[in-house]
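Enquirer: Encoded as structure tokens, here's the structure I'll be asking about.
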Amino acid sequence: MSQPPTGSRFVLEGVVVRHDGGGGAPINALDGVALAIEPGEAVALVGPSGSGKTTLLSLLNGSTRPSAGRILVDGSDLTELSPRQLRLVRASIGTVHQDLALVPNLRVSQNVLSGRLGRLGFLASVRTMLWPSAEDLRSAHALLERVGIPEKLFERTDRLSGGERQRVAIARALHQQPAALLADEPVSSVDPARARDAVGLLRELSRERGLTLVVSLHNLDLARSFFPRLIGLRGGRVAFDAPPAEVDEAAFEALYELADG
Amino acid sequence: MGDERPLPIGARGAVILAIVAAGAAAVPWLGLTPGSLVPSDGGLTLVGEFLVRAASPALTSEADPVPEGTPPLLWRALAAARTTVVFAAAAMSLALVLGLVLGFASSSAWWADDLRGRGRLRRVVAPVLTWSSRTLMVLMRSVHELLWAVLFLAALGRSPTTAVIAIAIPYGGTLAKVFSEMIDEAPRDAAHALRSSGASPAAVFVFGLLPRALPDMIAYSLYRFECALRSAAILGFFGFPTLGYYLKLSFENLHYGEVWTYLYTLFALIVVVDWWSGALRRRFLA
Amino acid sequence: MSAARDAEIGRLWRSRPRSRFARASVVAMLGLVAWAWIGGGLVPSELLSARRLANLERFLGEVTPYPLQGRTFDLGVALRWAGDLLVERGLAAAATTLAISVAAIVLAAIVGAVLGAPAARTIASPEPWLPDPRRPAAPVAFAWRGLVTGSRAVMIFLRAIPEYLWAFLFLAMLGPTAWPAVLALGLHNAGILGKLGAEAAENASRREPQALRGLGASRAQVVAIGLLPMTLPRLLLYFFYRWETCVREATVLGMLGIVSLGYWIQDARARNHYDEMVFLILLGAAIVLIGDVVSAVARRVVRRAS
């Protein structure tokens, strides 16, 4: 297996993302964010909804363009890349989306294998999706085994439970052979009892593969107990960036306080 | 719409009122008097004779004497049904290709934004492609298949292929329009996910977007196949050897039993396709 | 290790959920298309024979407006030619075409309501909108079921036979008035609107009708007060969609001898005046476009209002 030796390194410099608020003044989803995430690091993004967590993740995987500032992934500036180069960077970053974003009427194997499309040409993509090789299937089966649902390999995706679907989404991201794993609110698509398992699994997988892991979380307890570094976002700005021990209750509470005035 | 005072009857009421008014205006313009609805004496006997035969469609030729070399009636009906199905199936296959290509080209989904706003090619080519294919689609489907047939008859003369093309053009335009709407309305989450994992626009379209629209597209195509059978049957009125041709001939020869045989044959074709698409939809496409 | 995994994958593949029916359907469809092209006597290359190409060339020459044939193009002459055609036949025929489509769709809505209501299982049952609380007497239930089946069968037959065929039959019985066209379009579309209406009625929420029923409302009252307002927006959308096809078909029905646009198209065709024929076909396309636009506007109004 051609595992990259270390995970991706992300650097954000003065990043601003502006959305056109419906008819009114433009809203800054992110407002001057600067941070660096080192290879193999595990980071939790915490903050209330609307604080910019999802936007930050979509910047990291190259699907949102910053209105100002720079995003460097392993040293290359995403806004400067050609579409082809950008696709290569995207292919190296696996994302588990909040709504999972699987194709419900395809088989689980096809959804997992679709993770590799970024590395394949069009004809090879068609082949993988319609007539997967034994090697493809072995790899998909091994990944499903790792996330605990190997027997679902050829099941139709929409027949699975929410938790099982999340595992398919994780397997798809891993099949990309990424250098970094991003997960947007992985807790929201499973019931609370499974939430710990889901976050724990992401943490384990990225540790054993040496991936950089960035997870956005509502749940502060989970963030505290699984991640050595927490980044608090509030109103599109970094409120704190520190190990859990250095973040006290007051800092958390300040994150969720209503903005005044 | 916002804070305007609502009309006393409401928008829906206005629409219904407009329909009623238009209907009321159409009746005198067309001279639709109840009197002209009653057939003349000759017409009345014809109606009677014709309707009576609904219960006893002909099983053998009604011509007397049967011209030499005519195949048996049921054989003729089957052959006509076969031609009808051939025309419909060939036309649909052509229309599907047209519909997929044009629907793909005119859907805005596949060239949706990329991270760099700089893809010059995509920026210029995509809108041009979209609008030219939309114009083409409108032209194709606003001319009825029978009129396409008339045009081809005048331009090229009669040939089974012209019948197939005449059906395929408007059907292709309609499929393209409906397909592009279905693709544009399909959920985009999986497409976004594939895009963010580096998949090319073509792969995103084929594996992220298309599968989500596919059940609706299949159901609609089956419905259009049913319509194509009807259109193919009607083309018989212009001399193509489908059900319509024999039906018209029998009717003009006053062989009403035969007319009903052909009508029931067409009915059976439609019902089979209807049942088939219904069964598929119930099982998979719900 | 790898062998064990392959064996396991093989086992999962063999036990995968699959449908023989879907597979057979795909094979049948592909087979049908292949058979149509190979065994159906279609020879596309024959279209390019020298005789046909000569015919095409002649046709293209005759499509040029008559006063301009063999002369240099003159916009004024062309416009006068088109204007004369419009005034003589085009505009009146276009108006008739539209009138036929409107009268037909209104008729279709009325007949469709009459046929569609008894085809909805929620309405046509011994205990409407209730999931059979006590089994009613067998003959009563049987009669209602018969009504549902009967009205559905009539509607299937109406929509299985194409408009053009209905018009042909009516024309022979009623003579060349506008009635054959209106009846043909009206009945065929009644079959379609009735089916769609019955489906809309069955899929509508049962709560409001049940509540009204509990207050002692009659079947007809429940339909008028409870069901109709809920389903009306959807019914109106179907109404306008079908009206669009009515416009399209009304043009063509004229070719049977009813004075819509198709009549003059057929007339020009019979006289080999291909310039007029093409012009009138384009006029027909324009009417279809106008119909589509009017329908789109009306549908938007309906959508916004609901």
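We did not get these values from a lab; they are worked out from the coordinates using the rules stated. Just so you know, these numbers come straight off a predicted model, no measurement behind them. With ideal geometry, Cβ positions are generated from the backbone for all residues, glycine too; neighbour counts draw on all protein chains shown.
Enquirer: Mean projection of the alpha-carbon convex hull of chain A over all orientations, in nm²?
Expert: With every direction weighted equally, the projected area is 14.9 nm².
Enquirer: Counting helices only, and only those DSSP H runs with n ≥ 4, report the 222 nm mean residue ellipticity of chain C as the sum of -39,500 (n - 2.57) divided by its residues, in deg cm²/dmol to the nearest 500.
Expert: -24500 deg cm²/dmol
Enquirer: Using θ = phi - 60° and the Karplus curve 6.51 cos²θ - 1.76 cosθ + 1.60, what whole-Hz ³J(HN,Hα) does each residue of the range A:7-15 get, with Gly and Pro shown as x?
Expert: Rounded to whole hertz, the list is x, 6, 10, 10, 10, 10, 10, x, 7.
Enquirer: Collect residues whose amide H, placed 1.01 Å from N in the peptide plane, falls under 5 Å from the amide H of A:Leu30; neighbours closer than 5 in sequence don't count.
Expert: A:Val17
Enquirer: I'd like the GluC sites (Glu not before Pro) in the range A:169-261 restricted to DSSP loop residues with at most 16 other Cβ atoms within 10 Å, sorted by number.
Expert: Counting only loop positions with at most 16 other Cβ atoms within 10 Å, the GluC sites (Glu not before Pro) in the range A:169-261 are A:Glu257.
Enquirer: For A:Glu155, which sequence-distant residues (separation of 5 or more, or a different chain) have an amide H within less than 5 Å of its own amide H, given hydrogens modelled in the peptide plane?
Expert: Those qualifying (amide H under 5 Å, at least 5 residues apart or on another chain) are A:Val108, A:Ser109.
Enquirer: Which log10 I(q)/I(0) values does the range B:180-286 give at q = 0.10, 0.14 Å⁻¹ under the Debye formula, counting every alpha carbon as one identical point scatterer?
Expert: -0.49, -0.69
Enquirer: In addition: Going by how many other Cβ atoms sit within 10 Å of their own, how do A:Val96, C:Val293 line up, fewest first?
Expert: C:Val293, A:Val96
Enquirer: Please list, short to long, the whole-number percent of alpha-carbon pairs of the range A:99-177 in consecutive 5 angstrom bins beginning at zero.
Expert: 3, 18, 32, 27, 15, 5, 1
Enquirer: Any idea how far apart A:Ser161 and C:Phe142 come out in nm if each label point goes 7 Å out from Cα toward Cβ?
Expert: It works out to 4.9 nm between the two label points.
Enquirer: Could you derive backbone 3J(HN,Hα) for the range B:232-237 from the dihedral phi with the Karplus parameters 6.51, -1.76 and 1.60 (θ = phi - 60°), listing whole Hz in sequence and x where the residue is Gly or Pro?
Expert: Going residue by residue, I get 5, 4, 5, 4, x, 5 Hz, with x marking Gly and Pro.
Enquirer: Jot down the radius of gyration and Dmax of the range C:1-136, Cα atoms only, both in angstrom.
Expert: Cα only, the range C:1-136: 31.6, 86 Å (Rg, Dmax).
Enquirer: Using alpha carbon centroids, what distance separates the range C:45-61 and the range A:107-178, in Å?
Expert: Here the answer is 54 Å between Cα centres.
Enquirer: Let me know the mean shielding of B:24-34 by other chains, meaning the per-residue number of their Cβ atoms within 10 Å of its Cβ.
Expert: 6
Enquirer: Further, regarding this structure: Using the Karplus curve 6.51 cos²θ - 1.76 cosθ + 1.60 with θ = phi - 60°, what ³J(HN,Hα) values do you get for each residue of the range C:172-177, in whole Hz, with x for Gly and Pro?
Expert: Values per residue, Gly and Pro as x: 5, 8, 9, x, x, 9 Hz.
Enquirer: Still on this structure, please answer the following. Could you let me know the centre-to-centre spacing of the range C:269-292 and the range C:17-37, using Cα atoms, in angstrom?
Expert: Using only Cα atoms to place each centre, the spacing works out to 39 Å.
Enquirer: What is the helix-to-structure angle for B:120-142, meaning the angle in degrees between its Cα long axis and the longest Cα principal axis of chain B, kept from 0 to 90 and rounded to the nearest 10?
Expert: 20
Enquirer: OK, next. Ratio of alpha-carbon Rg to the 2.2 N^0.38 Å globular estimate for the protein assembly as shown, to two decimals, please.
Expert: 1.14
Enquirer: Still on this structure, I have one more. In peptide B:255-266, how many Cβ atoms from other protein chains are near each Cβ within 10 Å, on average?
Expert: Mean shielding by partner chains, rounded to a whole number: 1.
Enquirer: Fewest Cβ neighbours within 10 Å first, please rank A:Leu35, C:Leu79 accordingly.
Expert: With the fewest neighbours first, A:Leu35, C:Leu79 line up as C:Leu79, A:Leu35.
Enquirer: Take the Cα coordinates of the range C:198-306, assign each an equal point scatterer, and use the Debye formula without solvent to give log10 I(q)/I(0) at q = 0.09, 0.11, 0.21 Å⁻¹.
Expert: -0.43, -0.55, -1.01
Enquirer: Report the FRET efficiency, 1/(1 + (r/R0)^6), for B:Ala54 and B:Ala79, where r is their Cβ-Cβ distance and R0 is 22 Å, rounded to 0.05.
Expert: Efficiency, rounded to the nearest 0.05: 0.40.
Enquirer: Suppose each label sits 7 Å from its Cα in the direction of the beta carbon; what would the C:Phe21-B:Ala18 distance come out to in nanometres?
Expert: The answer from the label model is 4.3 nm.
Enquirer: Does chain C come out rounded, prolate or oblate by the C-alpha gyration tensor, with a ≥ b ≥ c the root eigenvalues, rounded set by a/c under 1.5 and, if not, prolate when a/b is larger than b/c and oblate if not?
Expert: oblate
Enquirer: Against the longest alpha carbon principal axis of chain C, how many degrees, from 0 to 90 and to the nearest 10, is the axis of helix C:261-270 turned?
Expert: It works out to around 40 degrees.
Enquirer: By counting other Cβ atoms within 10 Å of each Cβ, how are B:Met92, C:Met29 ranked from fewest to most?
Expert: C:Met29, B:Met92
Enquirer: Another question about this same structure. Binning every alpha carbon pair distance of the range B:73-285 at 10 Å from zero, what are the percents per bin?
Expert: 8, 28, 29, 19, 11, 4, 1, 0
Enquirer: I would also like to ask the following. Taking only Cα atoms, what is the 0 to 90° angle, nearest 10, from helix B:160-185's long axis to the longest principal axis of chain B?
Expert: Taking Cα atoms only, the helix is inclined about 40 degrees.
Enquirer: Next up: Where does the range B:35-107 land on Rg/Rh, using Cα atoms and the Kirkwood Rh?
Expert: 1.26
Enquirer: On to the next question. Return the long-range amide H neighbours of A:Asp241 (sequence gap of 5 or more, or a different chain), with a cut-off of under 5 Å between placed amide H atoms.
Expert: Excluding prolines and chain starts, which carry no amide H, the hits are A:Gly232.
Enquirer: So, one more: Go through A:173-183, A:219-229 and give me the packing order, highest mean Cβ count within 10 Å leading.
Expert: A:173-183, A:219-229
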